[in-house]
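Taking it in order: structure first as structure tokens, then the write-up.
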Amino acid sequence: MRQGIHPEYGPVVFRDRAANYAFLTRSTLSATAGEKTVEWEDGNTYPVVDVEISDVSHPFYTGTARVLDTAGRVERFERRYGKKG
């Protein structure tokens, strides 16, 4: 592997603002996280990246996803092509 061409890879905390949930992982974003830091449960300070949605707050993973029929698209499709049955 060539030296000096890869971004730094280190610990970073991703914080889901919608669900008030955070998790510690490793990422190349640690160098670009800026001056935002957070003290983690182990007592160390890590850079933090705020995300708007994660698996904790996403409707697909939480089971609250809904299929919305906007403007009767299903009915319009059935009228146009008819029900086969």
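Figures for the structure shown
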item: Summed residue charge, Cβ within 15 Å of Val56's Cβ, Lys/Arg positive, Asp/Glu negative; result: -2
item: Ranking by accessible area, most exposed first, for Phe14, Phe77, Phe23 with a 1.4 Å probe; result: Phe77, Phe23, Phe14
item: Gained length - Thr25 relative to Thr45, 0.36 nm times residue gap less alpha-carbon distance; result: 5.9 nm
item: Distant-in-sequence amide H partners of Thr37 (H built 1.01 Å from N, under 5 Å); result: Val48
item: Rounded to the nearest 10 Å², the accessible area of Glu8 at probe 1.4 Å; result: 140 Å²
item: Length gained when the stretch Arg80-Tyr9 is fully extended (0.36 nm per residue, less Cα-Cα span); result: 20.1 nm
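The values are calculated or read from the model by the stated rules, or taken from the named source; none is laboratory data. These figures come from a predicted structure and were not determined experimentally. Positions of Cβ are generated from backbone atoms using ideal geometry, with glycine treated the same way; all protein chains shown enter the neighbour counts. Only protein heavy atoms, including side chains, enter the accessible area calculation; ligands, DNA and RNA are left aside. Shrake-Rupley method; radii C 1.70, N 1.55, O 1.52, S 1.80 Å.
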